[in-house]
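Working notes for the structure below.
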Amino acid sequence: MRFWKEKNPGNCDHPKRNREKGTSYLVYYKDPLHGKRKYYRTFRRLRAAQRVANDLRTLLDAGNTG
């Protein structure tokens, strides 16, 4: 599954950045209050970004915003 190519899988999105030191994966989420895309964290590994995005998605779906 290629998350960085999809438009917005669920509430989270993580595109990738190709730089000199390697690839980094960004995790964004859709703010439930304002409906805007917000930055969450950056990871060096895709698996770590996927794991945190899944955890963040469950928190947002449960309604925990703070």
Would you confirm whether any residue within segment 55-65 is at pLDDT below 85 and at negative phi? yes
Would a scan of segment 42-49 turn up a residue that is assigned to a strand (DSSP E or B) and at pLDDT 90 or above? yes
Tell me which residues, restricted to segment 19-39, are free of Cβ contacts under 8 Å to residues at least 24 places away in the same chain and either hydroxyl-bearing (Ser, Thr, Tyr) or on the phi > 0 side of the Ramachandran plot (or both). Gly22, Thr23, Ser24, Tyr28, Gly35, Tyr39
Going through segment 12-30 in order, the residues found to be in a loop (DSSP other than H, G, I, E, B) and modelled with pLDDT under 85 are His14, Pro15
In segment 15-41, which residues are surrounded by 11 or more Cβ atoms within 10 Å (Cβ to Cβ) and out of contact with any Lys or Arg (no Cβ under 8 Å at 6 or more places or on another chain)? Pro15, Lys16, Arg17, Pro32, Tyr40, Arg41
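The values are calculated or read from the model by the stated rules, or taken from the named source; none is laboratory data. These numbers were taken from a predicted model, which means no experiment stands behind them. Glycine gets a Cβ as well: all are built from the backbone with ideal geometry, and neighbour counts include every protein chain shown.
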